[in-house]
1. Using the Karplus curve 6.51 cos²θ - 1.76 cosθ + 1.60 with θ = phi - 60°, work out ³J(HN,Hα) for each residue of segment A:183-197 in order, rounded to whole Hz, and write x for Gly and Pro.
2. Please list, by residue number, every one of the chymotrypsin sites (Phe, Trp or Tyr not before Pro) in segment A:34-80 that is coil in DSSP and has at most 13 other beta-carbon atoms within 10 Å.
3. For segment A:44-93, what is one quarter of the convex hull surface built on the Cα atoms, given in nm²?
4. Per-residue mean of other chain beta-carbon atoms within 10 angstrom of the beta-carbon, peptide A:340-348?
5. Can you list the aspartates and glutamates whose alpha carbon sits under 15 Å from that of A:LYS34, skipping same-chain ones fewer than 8 residues off?
6. Using only the alpha carbons of segment A:386-433, what is the convex hull's orientation-averaged projected area in square nanometres?
7. Using the count of nearby Cβ atoms within 10 Å as a rough guide to exposure, how do A:GLU111, A:GLU214 rank from fewest to most?
8. Going from the alpha-carbon gyration tensor of segment A:367-467, what semi-axes, largest first and in whole Å, does one get by taking the root of 5 times each eigenvalue?
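Computed from the coordinates by the stated procedures, all read-outs in this text should not be read as laboratory data. All figures in this text were calculated on a predicted structure; none of them were measured in a lab. Here Cβ is always computed from backbone atoms with ideal geometry, including for glycine, and neighbour counts include all displayed protein chains.
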Amino acid sequence: MTRRITTGIGIALALLAQQPDVTIKIVGERGRIKIAVPEFKGPGVKAEVLQTFNTTLWSDLESSGVFEMASKSFYPTEAPQKPEDFKAPLQPPPQPPRRLRPGEAPPPAPEPKRQGPWLTDWSQPPVTAQVLALGSTAVDNDRFALSGWLYDVTKPDAGAAHVFGKRYLSAHDVPGARKVAHEYANDILQKLGGGPGIAGSRIYFVSNRTGNKEIWAMDYDGSNPVPVTQYKNLTINPDISHDGTLIAFTTFARGNPGIFIHSLETNRRLTFYNQVASLNATPSFSPDGKQLAYSSTVSGRAQIYIANIDGGNLKRISNSLGVDMEPKFNPRMGGQIAFVRGGAGPPQIYLMDADGSNVRRLVSGGGDAVNPAWSPDGQRLAFAWTKGFEPGNYNIFIMEVATQTLTQLTFGAGRNEHPTWAPDGRHLAFSSNRAGGQQVWTMLADGTNPKQLTQSGKNESPVWGVK
Amino acid sequence: MRRKQQAILITLGLTLVLFAAGCKKKAPPPPPPAPKEAMTTQQAAKRPTVSLTAEPSSIERGQSATLRWSSTEATGASISGGIGTVGTSGTRSVSPTATTSYTITATGAGGNATASATVTVRAAAPPAPPPAPPRVFSEELARRVQDAYFDYDSSDIRDDARASLTSNADALKAMIREFPNSRVVLEGHCDERGSAEYNLGLGDRRANAAKEFLVQLGVPGDRLSVISYGKERPQCTESNEGCWQRNRRAHLVAGN
């Protein structure tokens, strides 16, 4: 831990550390905060590292759904790189009051004298931003270093405008630059009341790009895809524990479909006892990561069971003459489970308590309703529904569970299914064939801003992990 | 002198045969020495006797047969068919190109004797077909059973599936006798339309419904297992009812 920090920055950070931990809430046009993000610079940083940092930071903030990005073409040429760069304009000395002669126009109020970069450079037209990200990059002991701040430029003085400042360190390479940009973007979002950011979160999904369906992982924006499993068989139905450290899935690697659990920290398979059954599938982690709900045919038809994370202490919790699949623990109310029941009519989404009581059908109105996915706050359920379309032509809907209010997010653009919520509760990933083959997409939770994340092979069943 | 020797040899031979037989089991008492031999030795020169056999008596062209002959009271012998003078007993390998009768004439002090044997020559047979390969259970199964098809989002056994499974039950019962250690896996499959997750459960129902039907018809259940592939292993991928129907099925394959 031998960090060499220049004296100036050290003092600045010491001062920043004393600032109260403010969280501000600013609402701009269309409910979004307008942010200015000038290019960051710094001596000694490799060109591709600096470029990766700047484009990743911009993209993270833009895709967050929280910001309106102030156009770079309007930025002043002189951007501050640290708080000391702000120079308050000199106010002219007050003029002694003087009696005006009749017909004499009042003299113009004296202009403040500009001393250097100032908040109003950013808050007034043409930029008209509300907040400004500023800072600089450097190389520190062969590592990539960022000193990043956030200023509320609508405030009258620099002290009041300061929101936060922080120093970030990572490897001096492209992945390091991405990591630092994600962390800085997340901090900006968090401070502005946007909840946890998703920059740095990962999406796990099923891909057949190697010829077999395997679990893959990628950054939330689709970059850096890497294989998680290599069973060279059929491996599907991923679910991520809420802390992002465990992944469970269904695999045919041992013959009949069974559940495997891997640690994402060691990339090792953990022990999970599969019931002797023709099928053990569609696992879902409890909020504390200590239990797994899944579907098993151990007693005949596929029914919902809960077991410990090693497969022990099995409890049957659904009891139907139908086929019960896809249990999903409510992340806030672990005692509540959404699941899919079919077999006596088309599959539909039901709710029940974790002891199996209080079963009730949630979605009504015809068609198949499948793939329930809880929002992080446990209030909303996203799912895929064929309502109004032929079998198989699913669209993504969200239901506010308490009020049963429905919102439709996609509208017949092919087959849209497997919704999963981002940790920020503002984004969803899903799979869609709207652009041809089945691919993983993201969108905002109001259905806008769809983005295709995958291209290679067929990709489906995304689940969004916090890391 | 010679006759006396012969008599001694015959007696000795009989004794040896009886002795050998006595090693294996309790022998009946030996018959008295044949008085006939003693009588013939006192008669004048007898007519010779001769016998001739061909082994095998029927060959394909290009193969050979063995002539075997023996005689008594003979001093010389010859065989027709291009063989000529031979000993009074012996063997000879012959390869006639057509059916041939061989006649042996044995000559002795008491006159002549003849015997014949025929070697039948057949045209060369076409090469025999290679021996049938051992039958493979998985191939037999694929040939003798058929898929059972289902309605959309259903695991009910339709009339056509009932007919298919009834025929399958007969075939399976026969095959289980022919292949004593055989096992059969019933795969449940679905069309592409429903969700991948729900179809795992539905495919399991289809495979189990087919299994239960076969068991009711007397197929031993311990030979049958089920697996659902949901919609993950379609046999066709077109998006039309023809292909969807082909994928909504219970399919039988050989198990391990």
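1. Here the 3J(HN,Hα) series is 5, 5, 4, 4, 5, 4, 4, 4, 5, 8, x, x, x, x, x Hz.
2. Those that pass, being in a loop and sparsely packed, number zero.
3. Answer in nm², one decimal: 6.0.
4. Numbers: counts 4, 2, 8, 7, 0, 1, 4, 8, 0.
Partner Cβ neighbours, averaged per residue: 4.
5. A:ASP60, A:GLU62, A:GLU68, A:ASP121, A:ASP152
6. 3.7
7. A:GLU111, A:GLU214
8. On the way: eigenvalues 77, 59, 22 Å².
So the equivalent ellipsoid measures 20, 17, 10 Å along its semi-axes.
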